[in-house]
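Some notes on the structure that comes next.
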Amino acid sequence: MLKRKDLLGLIDASEAEITEILDLAQDFKNRIKRGEKKMNYLDGKTVTVLFYENSTRTRTSFEQAAKYLGATTVNIQAGTSSVAKGETLVDTGKTLDAQRNDFIVMRHPMGGAPYLLAKTVKAGVLNAGDGINEHPTQALLDMLTMRETFGSLKGLKVAILGDIKHSRVAKSNLFGLKTMGAEVAMFAPQTLIPTGLDKLGAKICASREEALDGADVVMGLRIQLERQKAGNFPSLGEYAANYGVNESHLALAKPHAIILHPGPVNRGVELTSGVIDHDRSRIEDQVLSGVAVRMAALTLLNEYRKEQGL
Ligand code: CP
């Protein structure tokens, strides 16, 4: 049972907790596919979505998830709030608590910011991406799409290629997939691989071929130009030629291999358009998994709040 006030990362999530979230998310996904959009597990609750960074998928899917569950949603863009006048995160949190928010979904450019907020507020906090640290619901939705395709995560080889250094998605996937018994192979220019990932269980590959060989899942990650100055690789064109994945590279993976990308995609950089739009691409399915996983996370955290009388 998910016995947590907050969902901040997968670094300490157990196999049982991840399985519980994925099982419920699968049920929600099936129901959404059947056209259900009113599942009132969060009736009377308020979910505030507080984003200090841009987003399309995560923000909208959290809002959609909360609405499908019957909650009231409030959307705060940091640029148009009192944050722009210098209000601290802790004071923003206290304000949202005083308004009796039940959940705060936060994206923040600083790693660890959701941990600080969670310590400050009574509301449950869900990390929607903190700097280059973690993006737990993204990894959970990736795992949902993988598990739905293959039936289990145990023994899968997941090849992750792209900007691993600046990727919170890579880290949350590494933590979650290793806990669930998958192999995680990573490949990027040396300058985009942080030190120590091998000690956390990643297999750091010397070539694109080694990473893709026998992979069940090929995951591209966006080159995050907003988080780095020039210098990690010569040019986007050279990155694409030497580190990107095209259709001929896919032949190295297993014939049933699926293609994932958290989005947004730099078309023609980490993956070619032929790969993004390939019939084995599950990038659009990931988006639906995102709504379902966020519904599951909110529902399970709410069950814990009810148990605790919060
Ligand atoms: N995958 C992801 O986090 O996308 P957004 O930045 O659009 O939310």
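The values are calculated or read from the model by the stated rules, or taken from the named source; none is laboratory data. Please read these numbers as outputs of a predicted model, since none were measured by experiment. Every residue, glycine as well, gets a Cβ built from its backbone with ideal geometry; the counts of neighbours run over all protein chains shown. Ligands, DNA and RNA are excluded from the accessible area calculation, which covers all protein heavy atoms including side chains. Shrake-Rupley method; radii C 1.70, N 1.55, O 1.52, S 1.80 Å.
Please go through the range 264-291 and give me each residue that is assigned to a loop (DSSP other than H, G, I, E, B), within 27 Å of LYS29 (Cα to Cα) and at pLDDT 95 or above, ordered by number.
Matches in the range 264-291: ASP277, HIS278, ASP279, ARG280, ARG282.
Restricting the search to the range 192-234, which residues are under 18 Å from the mean Cα position of the chain (by Cα) and in a strand (DSSP E or B)?
Passing the criteria: VAL217, VAL218, MET219, GLY220, LEU221.
Tell me which residues, restricted to the range 175-206, are in contact with a helix residue (DSSP H, G or I) (Cβ under 7 Å, 6 or more places away or on another chain) and open to solvent by 30 Å² or more (accessible area, probe 1.4 Å).
Across the range 175-206, the qualifying residues are THR179, LEU200, ILE204.
In the range 250-268, what count of residues is obtained for those that are open to solvent by 20 Å² or more (accessible area, probe 1.4 Å) and more than 16 Å from the ligand (Cβ to nearest atom)?
Adding up the residues that qualify gives 6.
Report every pair of residues separated by at least 6 positions or lying on different chains whose Cβ atoms are under 9 Å apart, first residue within the range 1-25 and open to solvent by 40 Å² or more (accessible area, probe 1.4 Å), second of a type in the set (Asp, Glu).
Between residues of the range 1-25 that are open to solvent by 40 Å² or more (accessible area, probe 1.4 Å) and residues that are of a type in the set (Asp, Glu), the close pairs are MET1/GLU17; MET1/GLU20; MET1/GLU303; MET1/GLU307; LYS3/GLU17; LYS3/GLU307; ARG4/GLU17; ILE11/GLU134.
Go through the residues of the range 172-188 one by one and say whether even a single one is part of a helix (DSSP H, G or I), in contact (Cβ under 8 Å) with a residue 40 or more places away in the chain, touching a strand residue (DSSP E or B) at 6+ places or on another chain (Cβ under 8 Å) and within 16 Å of the ligand (Cβ to nearest atom).
Yes, the range 172-188 has at least one match.
When only residues in the range 68-105 that are touching a strand residue (DSSP E or B) at 6+ places or on another chain (Cβ under 6 Å) and under 22 Å from LEU24 (Cβ atoms) count, which is most open to solvent (accessible area, probe 1.4 Å)?
Filtering first and then ranking leaves THR72.
Take HIS261 and decide whether it is under 29 Å from LYS33 (Cβ atoms) and not aliphatic (A, V, I, L, M).
yes
Exactly one condition in (1) of a type in the set (A, V, I, L, M, F, W, C); (2) part of a helix (DSSP H, G or I); (3) at pLDDT 95 or above is not met by ALA241; state its number.
Unmet condition: (3).
Each row is one residue, and each column tells you yes or no for (1) open to solvent by 60 Å² or more (accessible area, probe 1.4 Å); (2) out of contact with any strand residue (DSSP E or B) (no Cβ under 9 Å at 6 or more places or on another chain); (3) in contact (Cβ under 8 Å) with a residue 12 or more places away in the chain; (4) farther than 17 Å from ASP6 by Cβ.
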position	(1), (2), (3), (4)
HIS278	no, no, yes, yes
GLU284	yes, yes, no, yes
SER289	no, yes, yes, yes
ARG294	no, no, yes, no
LEU298	no, no, yes, no
ARG305	no, no, yes, no
LEU310	yes, no, yes, no
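Within the range 117-157, can you find the residues that are acidic (Asp, Glu) and more than 16 Å from the ligand (Cβ to nearest atom)?
Residues of the range 117-157 that are acidic (Asp, Glu), as a first pass: 130, 134, 142, 148.
Listed by number, the list holds a single entry, GLU148.
Looking at the range 85-92, is at least one residue more than 13 Å from the ligand (Cβ to nearest atom), under 30 Å from CYS205 (Cα atoms), without any contact (Cβ under 8 Å) to a residue 24 or more places away in the chain and not hydrophobic (A, V, I, L, M, F, W, C)?
No, the range 85-92 has no match at all.
Can you tell me which residue in the range 26-66 is nearest to the ligand (Cβ to nearest atom), limited to those that are open to solvent by 40 Å² or more (accessible area, probe 1.4 Å), among the charged types (D, E, K, R) and under 15 Å from LEU126 (Cβ atoms)?
ARG57
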